[in-house]
Amino acid sequence: MKEPKEVDGIFQADNPMPTWWKLVWLITIIGSIGYVFYFHFYSEWPQEVAFEKEVTEHESKFPQKPALVVDASTGENPYRGDATAIKEGEGTYKQICSACHGPAAEGAVGPSLVDAEWLHGNTDKQVFENIMKGIGPERQKLNRGGMPPWEGLGAEKVYAVMAWLATKNQTLVKTK
């Protein structure tokens, strides 16, 4: 054993590690190597099986929706009357649209969406375009502010909001 060194008033000895510490370290290394061999070659849970199980669980939890099909000539809302879409649309409306149009769509900064007067068209196609493209300064009416475009929401959420809105306002029509 070497003589302890003094550095800044601290004595440092070069003592060997205790035997029990070395044994714990050695057993840990041997155990981890054994575990790697067991997990990769002998267990009933290979990575491919685990991945397939997670994919199956995810697909059962979040089933795929059929593709959204819209008649481009009429622009009719495909979710009109769909109870699930109406519920989702109400949630999206309350989260995003209610800040300007009020919690019950009666109007605040933006116009009322439940009265009979539509400033920029009352068909599904017109309302969809207004939501997606927004209302710029050149299209403002009755001294109401503009509306930002909501293309980032995606067509499904916009149509769901419109389906909810159609239950609140019968003057929102499919086509003219």
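Numerical summary
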quantity: Neighbour-limited loop hits for GluC sites (Glu not before Pro), region 115-176 (at most 15 other Cβ within 10 Å; DSSP other than H, G, I, E, B); calculated: E117
quantity: Protein accessible area in region 30-134, 1.4 Å probe - carbon and sulfur %; calculated: 60 percent
quantity: Sequence-separation-based contact order of the chain, relative, with Cα cut under 8 Å and 6+ spacing, percent; calculated: 21 percent
quantity: Pairs from K61/K125; K125/K157; K61/K133; K94/K176 whose Cα-Cα separation, in the structure shown, is over 24 Å; calculated: K61/K125; K61/K133; K94/K176
quantity: Using alpha-carbon coordinates, inclination of helix 47-61 to the longest axis of the chain, degrees; calculated: 30 degrees
quantity: Accessible area expressed per residue, region 6-142, with surrounding protein chains retained (probe 1.4 Å, Å²); calculated: 77 Å²
quantity: Extension gain, L23 back to Q47 (0.36 nm per residue minus Cα-Cα distance, nm); calculated: 5.4 nm
quantity: Tilt relative to the chain, helix 83-92 - C-alpha long axis, 0 to 90 degrees, to 10; calculated: 80 degrees
quantity: Most positive-pole-ward Cα, A155, G9, V36, against dipole of the chain from beta carbon charges; calculated: A155
quantity: Estimated [θ] at 222 nm from DSSP helical runs (n ≥ 4, -39500 (n - 2.57)) normalised by residues in the chain, nearest 500; calculated: -12500 deg cm²/dmol
quantity: Dipole magnitude of the chain, debye to nearest 20 (Cβ charges: Lys/Arg +1, Asp/Glu -1, about Cα centre); calculated: 640 debye
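The values are calculated or read from the model by the stated rules, or taken from the named source; none is laboratory data. Just so it is clear, the model here is predicted, and its values are computed rather than measured. All Cβ positions, glycine included, derive from the backbone under ideal geometry; neighbour counts span all protein chains shown. For the accessible areas, the whole protein counts, side chains as well, though only heavy atoms, and no ligand, DNA or RNA atoms are used. Shrake-Rupley method; radii C 1.70, N 1.55, O 1.52, S 1.80 Å.
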